[in-house]
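The values are calculated or read from the model by the stated rules, or taken from the named source; none is laboratory data. Source: prediction; values computed, not measured. Heads up, the Cβs are rebuilt from the backbone with ideal geometry, glycines too, and the neighbour counts pull from every protein chain shown. What goes into the accessible areas is simple: the full protein's heavy atoms, side chains included, and nothing from ligands, DNA or RNA. Shrake-Rupley method; radii C 1.70, N 1.55, O 1.52, S 1.80 Å.
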Amino acid sequence: MAAIDCGTNSIRLLVADLPDPSAGPSAPLVDLARRMEIVRLGQGVDRTGRLAPEAIERTRAALAGYAAEIESLGADRIRMCATSASRDAENADEFRAMVLRTLGVEPEVVTGDEEARLSFTGAVRGLPADAEAPFLVVDIGGGSTEFVVGSGGVDAAISVDIGCVRMTERHLHDDPPTAEQIAAAEADITAAVDRALAAVPGREAATLVGLAGSVTTVVAIAQGLTSYDPGRIHHARISYDEVARVTTDLLAMSAAQRLAIPVMHPGRADVIGAGALVLRVIMERAGMDSVVASEHDILDGIAWSLAPDPR
């Protein structure tokens, strides 16, 4: 199975086999390839309402490489989901036509509810024993953040427009951002988080699970890793105090200083401050004293959705 998740900031590929049935119901997929490229598809969408031609071209180039890898690995089922930037753009038809030409299948511009369900499915499968249900799963993307609450399945979900790219473009204009800009971003994020937590019972959850690059990068920095190590990051738990410290440090740095952090992806250095701020505010408003990071997220949920129905 081949799953592609095309978000506001990155495009990611997972090619995987189903686990052996003897491995049990919580066994993870068997990865054959996992790739991620920063293409910034949502460049300027919050301001212009349109996908920029150069952003579509960056995405096409990455997608062409993914299509070749899918063919070489022999995947017989493909699903591509496009998220916030494609929902927002006036010229989404241009994007869909490009994907069909390049990949051979049309992208599904999923709703916020479907995005939340897929993220939850990918994130909670195989969580460690000390991660108690119910779970609040937050997927901090480039354009939006999904809040999903559930135990065995999704009980409630909502998507709000606070992502690391959107908040950076909207508020954090200086390098490093000013105190006034950070305060404006925090006020915007807080209002959206409070709306989300009024719609889903996140404050009643026992465990906060954080997904996507902003969360995993903050966790990697908090752990003091000298290189990005998914095995050390996946299911690592860090405290609110550690998140707050990393957030303060990142927002005080220039993009060049953030880029020098060993675990920093070059395409994330300019927006990670906003992403960390979203995570910190979520923890504050939901009353969470720790977060469990998951490297498995909507991409894994997309892949699981391609599995044959066991019935």
Checklist entry - When you count, for each residue, the other Cβ atoms within 10 Å and take the mean per peptide, how do 207-218, 55-66, 250-261, 266-277 rank with the highest first? => result 207-218, 266-277, 55-66, 250-261
Item to check | For peptides 73-79, 89-95, sequence by mean Cβ density within 10 Å, most packed first | outcome: 89-95, 73-79
Next on the checklist: Counting only helical runs of four or more DSSP H residues, what would the 222 nm mean residue ellipticity of the chain come to if each run contributes -39,500 (n - 2.57) and the total is spread over all its residues?
Outcome noted: -13500 deg cm²/dmol
Checklist outcome for this item: FRET efficiency (Ala184, Ser22; Cβ distance; R0 41 Å; to 0.05) is 0.15
Checklist entry - So how much slack lies between Asp249 and Ala156, counting 0.36 nm per residue of separation and subtracting their Cα-Cα distance, in nm? => result 30.1 nm
Item to check | Simple label model, 7 Å out from Cα along Cβ direction - Gln223 to Thr48, nm | outcome: 3.8 nm
Item to check | Contour minus Cα-Cα distance for Asp241 and Ser72 (0.36 nm per residue) | outcome: 56.3 nm
Item to check | Extension gain, Leu306 back to Ala260 (0.36 nm per residue minus Cα-Cα distance, nm) | outcome: 12.7 nm
Item to check | Gaussian network model of the chain, Cα within-10 Å springs - most flexible of Ser72, Ser290, Ser227 | outcome: Ser72
Item to check | Accessible area of segment 1-152 belonging to carbon and sulfur atoms, whole % at 1.4 Å probe | outcome: 49 percent
Checklist entry - Between rounded, prolate and oblate, where does segment 96-227 land on the alpha carbon gyration tensor, with a ≥ b ≥ c its root eigenvalues, rounded for a/c under 1.5, else prolate if a/b exceeds b/c? => result rounded
